[in-house]
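There's a structure below that I have some questions on.
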Amino acid sequence: MLVLLLAAIPATAMPAPVHFTLDPDHTYPSFEADHMGLSVWRGKFDHSTGTATLDTAAGTGTVDVTVDIASIDFGNPALDKVMLGAKAPMCQTECGTFFVEKYPTARYRGTLADFVDGVPTRLIGTLTMRGVTRPLTLAIDRFKCVPDFMLKPRLRCGADALGTFERDAFGLDGGKSFGMDMKVTLRIQVEAVQDK
């Protein structure tokens, strides 16, 4: 789940490095997952926090995002409750769910990479979920910085990023025994504001 992020204006206009804090009201990691080959389930997480740095001149940056798992929202309260519990109906153990009491957060940490004209095109990092850490690279589709109209001259940066992972690698293997596809697409819309 999880993870990310931010900004670009010409390198000559941005001192380096610039530090940012995620705007929790404009950052919503979302996901898509198979439901028995019949349909695609979609959901999002409503609460995230994090920080980032960006140096467009050097072509570097970092991202560190933490997601509150209890803020999961499928648009289906009954399904939300099942996914946050200790086990799913089809499992004899905690296999199918986030087991939120034991693992309340997920975390993505990464490095901005492959800059083109001052804009990163990839985020290379790791996702930690349910006590397991695995590599996860996200492709950055959109990336832009503008002066925040309420906080000038501070910048507001935004991005859209996506990647895929196998959920059973994190212990989320509910439905695997009867053929559900374990691949999850993670999509992240994110905005962040330059620190004072």
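The values are calculated or read from the model by the stated rules, or taken from the named source; none is laboratory data. Because the structure is a prediction, the values reported are computed rather than measured. Cβ sites come from the backbone with ideal geometry, for glycine too, and all protein chains shown count toward neighbours. Just the protein is used for accessible areas: all its heavy atoms, side chains included, with ligands, DNA and RNA removed. Shrake-Rupley method; radii C 1.70, N 1.55, O 1.52, S 1.80 Å.
Looking at the stretch 33-50, I want the residues that are open to solvent by 50 Å² or more (accessible area, probe 1.4 Å) and have a partner that is aromatic (Phe, Trp, Tyr) with Cβ atoms under 9 Å, at least 6 apart or on another chain. Which pairs are those?
Final answer for the pair search is MET36/PHE178; TRP41/PHE31; TRP41/PHE74; ARG42/PHE31; ARG42/PHE74; LYS44/TYR28; LYS44/PHE31; LYS44/PHE74.
Can you tell me how many residues in the stretch 103-135 are over 20 Å from SER48 (Cα atoms) and in contact with a Phe, Trp or Tyr (Cβ under 8 Å, 6 or more places away or on another chain)?
Number satisfying all stated conditions: 3.
Give the residue, chosen from THR60, THR53, that is out of contact with any Lys or Arg (no Cβ under 6 Å at 6 or more places or on another chain), among the hydroxyl-bearing types (Ser, Thr, Tyr), open to solvent by 40 Å² or more (accessible area, probe 1.4 Å) and over 17 Å from ASP160 (Cβ atoms). Full working, then the answer.
Working: THR53 fails: open to solvent by 40 Å² or more (accessible area, probe 1.4 Å).
Answer to the selection: THR60.
Take the residues in the stretch 12-30 that are open to solvent by 40 Å² or more (accessible area, probe 1.4 Å) and either closer than 30 Å to ARG167 by Cα or hydrophobic (A, V, I, L, M, F, W, C) (or both); name whichever of them is modelled with the lowest pLDDT.
Initial filter on the stretch 12-30 (open to solvent by 40 Å² or more (accessible area, probe 1.4 Å)): 12-13, 15-17, 19, 21, 24-26, 28.
Then keep just the ones that are either closer than 30 Å to ARG167 by Cα or hydrophobic (A, V, I, L, M, F, W, C) (or both); that gives 13, 16, 21, 24-26, 28.
Working: ALA13: 49, ALA16: 79, THR21: 97, PRO24: 94, ASP25: 93, HIS26: 93, TYR28: 90.
Result: ALA13.
Just checking, how many residues over the stretch 27-61 are under 30 Å from ASP181 (Cα atoms) and touching a strand residue (DSSP E or B) at 6+ places or on another chain (Cβ under 7 Å)?
Looking only at the stretch 27-61, we keep the residues that are under 30 Å from ASP181 (Cα atoms), and these are 27-49.
After this cut, where a residue has to be touching a strand residue (DSSP E or B) at 6+ places or on another chain (Cβ under 7 Å) as well, the list is 27-35, 40-49.
Summing the residues that are under 30 Å from ASP181 (Cα atoms) and touching a strand residue (DSSP E or B) at 6+ places or on another chain (Cβ under 7 Å) in the stretch 27-61 gives 19.
Further question: Take the stretch 46-75 and flag every residue that is small (Gly, Ala, Ser) and either within 12 Å of the chain's Cα centre (by Cα) or in a loop (DSSP other than H, G, I, E, B) (or both). Let's see the steps before the verdict.
First, pick out the residues of the stretch 46-75 that are small (Gly, Ala, Ser): 48, 50, 52, 57-59, 61, 70-71, 75.
Selection gives SER48, GLY50, ALA57, ALA58, GLY59, GLY75.
Of the conditions (1) at pLDDT below 90; (2) of a type in the set (Gly, Ala, Ser); (3) assigned to a helix (DSSP H, G or I); (4) in contact with a helix residue (DSSP H, G or I) (Cβ under 8 Å, 6 or more places away or on another chain), ALA78 fails just one. Which one is it?
ALA78 satisfies all of (1) at pLDDT below 90; (2) of a type in the set (Gly, Ala, Ser); (3) assigned to a helix (DSSP H, G or I); (4) in contact with a helix residue (DSSP H, G or I) (Cβ under 8 Å, 6 or more places away or on another chain) except (4).
Pick from GLY125, GLY174, GLY163: which is farther than 22 Å from VAL82 by Cα and touching a Gly at 6+ places or on another chain (Cβ under 6 Å)? Reasoning before the result, please.
Numbers: GLY174 fails: farther than 22 Å from VAL82 by Cα; GLY163 fails: touching a Gly at 6+ places or on another chain (Cβ under 6 Å).
GLY125 is the lone residue from the list that is farther than 22 Å from VAL82 by Cα and touching a Gly at 6+ places or on another chain (Cβ under 6 Å).
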